[in-house]
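The values are calculated or read from the model by the stated rules, or taken from the named source; none is laboratory data. This one's a predicted model, so the numbers in the text were calculated from it and none came from an experiment. Cβ atoms come from the backbone with ideal geometry, glycine included; neighbour counts cover every protein chain shown.
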């Protein structure tokens, strides 16, 4: 993970105590700015803060339907979702996982275990995004150099 870079995380969880616990555990990392919301509408009102990751309770996703993910994607194609679910709910959203790209974490009663799982998942997402950005950057440099070499070769052939 890049040092001194801040990431904005949104939590959408209608259980205030659970939401508070998640926010408390996650914001212990100084790189994370964490905001929590009880409803997707509250979250939508704050999308100008450009979250990197949205952590959302599966029950809310189920209640609001797939349209909520599409609405969030209108704001940013770079958004990543982490869905929190119980073991029983996991089978319910497997078909949705095939359609959408998102991560999931099983809700744990042990807050330390849950926060560790979330932290690892968030770090993996961020590292993957940074690796893709880096590869894209170096890919552009590589193709620019190839183009420059080809242009110089063509110019040299035309002159001689």
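Here are some notes:
- Scanning region 1-54 for residues that are surrounded by fewer than 13 Cβ atoms within 10 Å (Cβ to Cβ) and under 22 Å from residue 76 (Cα atoms) turns up 1, 2, 5, 6, 41, 45, 48, 49, 50.
- Scanning region 57-71 for residues that are surrounded by 13 or more Cβ atoms within 10 Å (Cβ to Cβ), touching a residue at least 40 places away in the same chain (Cβ under 8 Å) and in a loop (DSSP other than H, G, I, E, B) turns up nothing.
- Residue that is nearest to residue 112 (Cα to Cα), among those in region 19-38 that are in a loop (DSSP other than H, G, I, E, B) and in contact with a strand residue (DSSP E or B) (Cβ under 7 Å, 6 or more places away or on another chain): 27
- Within region 86-104, the residues that satisfy the criterion of being under 17 Å from the mean Cα position of the chain (by Cα) and at pLDDT 75 or above are 103, 104.
- Here residue 125 meets the list (1) loosely packed, with under 10 Cβ neighbours inside 10 Å; (2) out of contact with any helix residue (DSSP H, G or I) (no Cβ under 9 Å at 6 or more places or on another chain); (3) modelled with pLDDT of 80 or more almost entirely, failing just condition (1).
- With respect to the conditions (1) surrounded by fewer than 13 Cβ atoms within 10 Å (Cβ to Cβ); (2) under 21 Å from the mean Cα position of the chain (by Cα); (3) modelled with pLDDT under 80; (4) assigned to a helix (DSSP H, G or I), residue 113 falls short on a single one, namely (3).
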